[in-house]
Amino acid sequence: MNSFLNKLSLLLNKNDVWFFVLVLGMGLLYGYQDILKLEPQSVHVWRQTDCTSLAKNYYQNGMNFNHPEIHFLASDGKTSGYCVGEFPILYYAVGGLYHIFGPDEIVFRIFNLLIFFLGLFALYRLLYEVLKDKFWAIGISALLFCSPVIVFYANNFLPNVPAISFVFISWYFFVRYYKSRKVWWLVLSFCFFTTAGLLKITSLLSVIPLGGLLFLEISGLLKRFGYKEKLFTHTKIALGLFLASAFAIFLWYNHAIAYNASHNSTYFSTHTWPLWDLTDAQIEAIIQKVKLIWLQEYWHISVVYIVGLLLIIALWKWRHFNAFFNYILITTTIGVVAYVLLWFFAFGNHDYYVIDILVWCLFILVAFLDYVRKIHTRWFHSISLKLLFLSLLLININYANNCIQSRYNGWMNNMGNIRALSGMESYIEEIGIGKNDKVISIPDPSPNHSLYLINRKGWTDFYRWNDSQEKMNELIDLGASYLIINDKNILKERPYLKTFTQEELGNKNGVYVYKLNQGF
């Protein structure tokens, strides 16, 4: 034990301890200790239950990595849940952990949260390597942890925060390579870049420009532009790693498209949602939704204004900025614009799509601080400036805390009576619904929310496959044996359901269960 603690003390210095104290304190303030115990809920519970459904199906269906599936039966002519989006390594890993600790959401949340904390620690170490100042390294890392979308999705189930965490780890390893010229740091960097890209290809916004620098260096153009110091010492190895990474990511997404096509599944998006495919009315609606709802969930407005101002300063004083940062800012800005245009439709309902853009904001902040460190050294070390930033940080911590409380206790967490299905799995088994029985669960506009809570495969209101007597009969022909209704008011809205609610098996907490027979 003493030997382990000695090794740990060599890895962690006093400032690292202060970093963890701050981050863990922020997590406790945000109520992470209580959120860890929660089932999927609040903002985009649809996507949350997609993720938990994939993990649960791995756990209970044999851990076959090549056959990811969900509870919602939308594939193979509405007979299976086989479908995939991002590389399912996180879901597979969680499924494996379920075999050790049991299938509880706390396992999934802790798993993703640990990845985020490692990524945040890597960001802090990276910033210290670049800025050589402990306060700014800890402060900027903590500021990222004040973004409401980061705070919400870090302790959650989606792969976006793990992907961006792997990007931070990759950049840290790359800086270590640049300073030490040890090739194994370069290998580690590209391994984590590849993992990030497999999870979310859009997380590579800051990585693609690095590949551009490699090709500029190989072509000799960097020397013509006056760059004397090589970024890559092991050029051939770097090129091989870059091509291998790109090829691995290409192979996966090509496989994902083929896998979905082979099962006739269109649920998971493996394509872009560009602005030019939308009508003027749709574009205006998305812009208004971002302005009224999501913008305030990205960061406190003070940070948005500061980042915008610093970007203007970077353009104005570009001759005094580090050449590397100039290149990164230009290329990532172009990348962000392209990203927003290509996935414009997603920003209307998917707040987590902005997570990849936050890396660009961090580059702007760090590039400016690097400029101040070199040109205005007194400002960089000024106690007054640091106190001002500390005040900004405290405002943002409080703001993020208010936002996270609102997400779990306000209108964003209004899920109707679907909550009543929580803990109902054992009850529906008691009244005779077996593990392999298929059900229709309504009302539920999502694919997996209610089905995941009761852990049964079947169909919901998604795709409107049950909005008539004829469609209900079709699902019965496909194997639907039971109808589960979590809000009986729906019977007034859908009179055709009367035919299918003649044989009640039981009811509990406002949830009614019926044996299904063909309606005529």
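The values are calculated or read from the model by the stated rules, or taken from the named source; none is laboratory data. Keep in mind the model is a prediction, meaning the values are calculated, not measured. With ideal geometry, Cβ positions are generated from the backbone for all residues, glycine too; neighbour counts draw on all protein chains shown. Surface areas here come from the heavy atoms of the whole protein model, side chains and all, with no ligands, DNA or RNA. Shrake-Rupley method; radii C 1.70, N 1.55, O 1.52, S 1.80 Å.
Restricting the search to the stretch 372-386, which residues are free of Cβ contacts under 8 Å to residues at least 12 places away in the same chain and not basic (Lys, Arg)? It would help to see each step written out before you state the result.
Just the residues of the stretch 372-386 that are free of Cβ contacts under 8 Å to residues at least 12 places away in the same chain, to begin with: 372, 376-379, 382-385.
Selection gives Val372, His376, Thr377, Trp379, Ser382, Ile383, Ser384, Leu385.
Given the conditions (1) open to solvent by less than 10 Å² (accessible area, probe 1.4 Å); (2) within 30 Å of Cys403 (Cα to Cα); (3) at pLDDT 85 or above; (4) part of a helix (DSSP H, G or I), which single one is not true for Arg47?
(1)
Give all pairs with beta carbons closer than 7 Å in which a residue from the stretch 216-244 that is closer than 17 Å to Val175 by Cβ and among the basic types (Lys, Arg) meets a residue that is open to solvent by less than 50 Å² (accessible area, probe 1.4 Å) and at pLDDT 80 or above; count only pairs at least 6 apart in sequence or on separate chains.
Hits for this filter: Lys230/Glu217.
Check Tyr496, Tyr514 and return the single one that is out of contact with any Lys or Arg (no Cβ under 6 Å at 6 or more places or on another chain), farther than 30 Å from Phe157 by Cα, among the aromatic types (Phe, Trp, Tyr) and open to solvent by 10 Å² or more (accessible area, probe 1.4 Å). Before the answer, list the steps.
Numbers: Tyr514 fails: open to solvent by 10 Å² or more (accessible area, probe 1.4 Å).
Going through Tyr496, Tyr514 in turn, the sole match is Tyr496.
Can you pull out the residues in the stretch 79-91 that are buried (at least 17 other Cβ atoms within 10 Å of the Cβ) and not in a loop (DSSP other than H, G, I, E, B)? Don't jump to the end; show me each part of the working.
Quick first cut of the stretch 79-91, residues buried (at least 17 other Cβ atoms within 10 Å of the Cβ) only: 80-88, 90-91.
Scanning the stretch 79-91 gives Ser80, Tyr82, Leu90, Tyr91.
What number of residues within the stretch 494-515 are without any contact (Cβ under 8 Å) to a residue 24 or more places away in the chain and polar (S, T, N, Q)?
Of the stretch 494-515, the ones without any contact (Cβ under 8 Å) to a residue 24 or more places away in the chain are 495, 498, 501-504, 507.
Then keep just the ones that are polar (S, T, N, Q); that gives 501-502, 507.
Of the residues in that region, 3 qualify.
For every residue, the table says whether it meets (1) loosely packed, with under 14 Cβ neighbours inside 10 Å; (2) in contact (Cβ under 8 Å) with a residue 40 or more places away in the chain; (3) out of contact with any Pro (no Cβ under 9 Å at 6 or more places or on another chain).
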position: Gly423; (1), (2), (3): yes, no, yes
position: Leu453; (1), (2), (3): no, yes, no
position: Asp461; (1), (2), (3): no, no, no
position: Glu470; (1), (2), (3): yes, no, yes
position: Lys492; (1), (2), (3): yes, no, yes
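Which helices (runs of 4 or more DSSP H) sit wholly inside the stretch 405-520 and have at least 1 residues that are among the small types (Gly, Ala, Ser), on the phi > 0 side of the Ramachandran plot and within 30 Å of the chain's Cα centre (by Cα)?
Values: elements: 425-430, 449-454, 469-477, 490-493.
Fully inside the stretch 405-520 and qualifying: nothing.
If we scan the stretch 186-196, do we find a residue that is in contact with a Pro (Cβ under 8 Å, 6 or more places away or on another chain) and more than 17 Å from Ile328 (Cβ to Cβ)? Before the answer, list the steps.
Of the residues in the stretch 186-196, the ones in contact with a Pro (Cβ under 8 Å, 6 or more places away or on another chain) are none.
No, the stretch 186-196 has no match at all.
Can you pull out the helices (runs of 4 or more DSSP H) entirely within the stretch 275-351 that have at least 1 residues that are more than 20 Å from the chain's Cα centre (by Cα) and under 30 Å from Lys230 (Cα atoms)?
On the way: elements: 280-289, 295-298, 301-316, 323-342.
Hits in the stretch 275-351: 301-316, 323-342.
Looking only at the stretch 17-44, which residues are aromatic (Phe, Trp, Tyr) and either modelled with pLDDT of 95 or more or open to solvent by 20 Å² or more (accessible area, probe 1.4 Å) (or both)? It would help to see each step written out before you state the result.
From the stretch 17-44, those aromatic (Phe, Trp, Tyr) are 18-20, 30, 32; that's our starting set.
Hits for the stretch 17-44 are Trp18, Phe20, Tyr30, Tyr32.
Return the pair list, or none, for Cβ contacts closer than 7 Å from residues in the stretch 390-409 that are farther than 16 Å from Leu28 by Cβ to residues that are part of a helix (DSSP H, G or I) and small (Gly, Ala, Ser), at least 6 apart or on different chains.
Leu392/Ser302; Leu393/Gly139; Leu393/Ala142; Ile395/Ser302
Taking the options Val94, Val107, name whichever one is at pLDDT 95 or above and open to solvent by 10 Å² or more (accessible area, probe 1.4 Å). Reasoning before the result, please.
Numbers: Val94 fails: open to solvent by 10 Å² or more (accessible area, probe 1.4 Å).
Exactly one residue qualifies, and that residue is Val107.
On the basis of being open to solvent by less than 90 Å² (accessible area, probe 1.4 Å) and more than 18 Å from Val340 (Cβ to Cβ), does Tyr298 make the cut?
Details: open to solvent by less than 90 Å² (accessible area, probe 1.4 Å): yes; more than 18 Å from Val340 (Cβ to Cβ): no.
No.
Please work out which one of (1) modelled with pLDDT under 95; (2) within 30 Å of Gln405 (Cβ to Cβ) is the condition Tyr153 fails and give its number.
Of everything listed in (1) modelled with pLDDT under 95; (2) within 30 Å of Gln405 (Cβ to Cβ), Tyr153 misses just condition (1).
Only one of these conditions is not met by Lys182: (1) in contact (Cβ under 8 Å) with a residue 12 or more places away in the chain; (2) surrounded by fewer than 17 Cβ atoms within 10 Å (Cβ to Cβ). Which number is it?
Status for Lys182: all satisfied but (1).
Hey, can you tell me all the residues within the stretch 50-78 that are open to solvent by 10 Å² or more (accessible area, probe 1.4 Å), in a helix (DSSP H, G or I) and within 15 Å of Leu451 (Cβ to Cβ)?
Of the residues in the stretch 50-78, the ones open to solvent by 10 Å² or more (accessible area, probe 1.4 Å) are 56, 59-67, 69, 74, 76-78.
Keeping just the survivors that are in a helix (DSSP H, G or I) gives 56, 59-60.
Matches in the stretch 50-78: Lys56, Gln60.
Only residues that are loosely packed, with under 14 Cβ neighbours inside 10 Å and either at pLDDT 85 or above or small (Gly, Ala, Ser) (or both): list them for the stretch 215-232, please. Don't jump to the end; show me each part of the working.
Residues of the stretch 215-232 loosely packed, with under 14 Cβ neighbours inside 10 Å: 215, 219-221, 223-226, 228-230.
Across the stretch 215-232, the qualifying residues are Phe215, Ser219, Gly220, Gly226.
When both residues are 6+ apart or on different chains and their Cβ atoms are under 6 Å apart, which pairs have a first residue that lies in the stretch 427-443 and is under 15 Å from Gly81 (Cα atoms) and of a type outside the set (Ser, Thr, Tyr), and a second that is open to solvent by less than 40 Å² (accessible area, probe 1.4 Å) and part of a loop (DSSP other than H, G, I, E, B)?
Pairs found: Lys438/Gly479; Val439/Arg456; Ile440/Asn466.
Report yes if Leu475 is in contact with a Gly (Cβ under 9 Å, 6 or more places away or on another chain), open to solvent by less than 50 Å² (accessible area, probe 1.4 Å) and touching a residue at least 40 places away in the same chain (Cβ under 8 Å), otherwise no.
On the way: in contact with a Gly (Cβ under 9 Å, 6 or more places away or on another chain): yes; open to solvent by less than 50 Å² (accessible area, probe 1.4 Å): yes; touching a residue at least 40 places away in the same chain (Cβ under 8 Å): yes.
The answer is yes for Leu475.
Out of the residues in the stretch 383-404 that are exposed (fewer than 14 other Cβ atoms within 10 Å of the Cβ) and of a type in the set (Ser, Thr, Tyr), state the one that is farthest from Ile138 (Cα to Cα).
Once the filter is applied, the top-ranked residue is Ser384.
Kindly indicate the residue of the stretch 110-137 that is among the hydrophobic types (A, V, I, L, M, F, W, C) and under 15 Å from the mean Cα position of the chain (by Cα) and also most open to solvent (accessible area, probe 1.4 Å) among those meeting that condition. Outline the logic, then answer.
Residues of the stretch 110-137 among the hydrophobic types (A, V, I, L, M, F, W, C): 110-111, 113-118, 120-123, 126-127, 130-131, 135-137.
Checking which are under 15 Å from the mean Cα position of the chain (by Cα) leaves us with 110-111, 113-117, 120.
Working: Ile110: 68, Phe111: 50, Leu113: 16, Leu114: 102, Ile115: 19, Phe116: 3, Phe117: 35, Leu120: 1 Å².
Applying the filter and picking the extreme gives Leu114.
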